[in-house]
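The values are calculated or read from the model by the stated rules, or taken from the named source; none is laboratory data. Being a predicted model, the structure only gives us computed values, none of them experimental. FYI the Cβ positions are ideal-geometry reconstructions off the backbone, even for glycines, and counts take in every protein chain you see.
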Amino acid sequence: MFQYENILFPIEVKATTNIKSQSLKVFGEKKKTSLRLRFSLNNLTLNGNLLNLPLYLANDVRKYIDLAMNILYGKNWQEKSLVTGMYVVKEK
């Protein structure tokens, strides 16, 4: 898990181009996550709510989470909850 703006994002790291593992997909479906992150040797892609980042971009993960969430949920994707003080994803 990776925490950003008080939101937890599931991650998977692959040291190869073979990325057929089902664990991240199954977890995302069961927990209804807003964005899933995968680091691999493949190129940068956003497929549905799965963001694939090449391993060399791991240091810039926050920038790419913002970009992906803006694409998926709009510019104001984060809204601070007055009740919990945590950020929540706004539905489109």
* Given (1) surrounded by fewer than 17 Cβ atoms within 10 Å (Cβ to Cβ); (2) within 10 Å of the chain's Cα centre (by Cα); (3) at pLDDT 90 or above, index of the condition Y4 fails -> (3)
* Structure fact -> Across region 58-69, the tally of residues that are exposed (fewer than 13 other Cβ atoms within 10 Å of the Cβ) and touching a Phe, Trp or Tyr at 6+ places or on another chain (Cβ under 7 Å) stands at 1
* Within region 76-89, can one find any residue that is among the hydrophobic types (A, V, I, L, M, F, W, C), at pLDDT 85 or above and not in a loop (DSSP other than H, G, I, E, B)? -> no
